[in-house]
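Only one structure is covered here, and it is reproduced in the block below.
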Amino acid sequence: MIVTYKQVVETVQQACTDHLAIKSFAEGAIDYLDSNAVNILYPFVFLRPLASPGLQTNIRTLNFELYSLDVPKLSNESPLELKSRTELFMYDILSYLRYGPTNQYSLDFTLSTITPVNEAFQDRAYGWVGNISVTSEGIYDYCNYPS
């Protein structure tokens, strides 16, 4: 089965929706993340498409950045607490994507590197950005490609 970009996004969105702590999810270019900052509920997860190395032996790979961000709820809350919590969100999402009920498209999710990040939106948001590779196997020829 050929898996579309939309199906990958919907799968990640479902994982975030089913997570008890994550309040909002969005996807798209970084400009969209910046312009949408005032409407974000935290903790927030953002999926940014990066690139695809193309098709190799009927395996297609899509690469994404996955942001997991939060803002301090109290004036004295440490960014260390936020970074610790948002890092765990990354692993929660990955385990849900790999072993949970959302993976109906036979996708393989791999989280390679994660890096701490500070972003200045309407307030200072702390968290992590991780590189996710999504691979899907299929027969990619004219007869099997969706019209």
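Every read-out reported here was derived from the displayed coordinates using simple, explicitly stated rules and does not represent laboratory data. Owing to the predicted nature of the structure, the values given are computational and were not obtained by experimental measurement.
Side notes on the structure shown:
- Anisotropy class of the stretch 1-90 from Cα gyration tensor, a/c 1.5 cut: prolate
- P(r), alpha carbons of the stretch 46-138 - 10 Å bins starting at zero, rounded %: 16, 41, 27, 13, 3, 0
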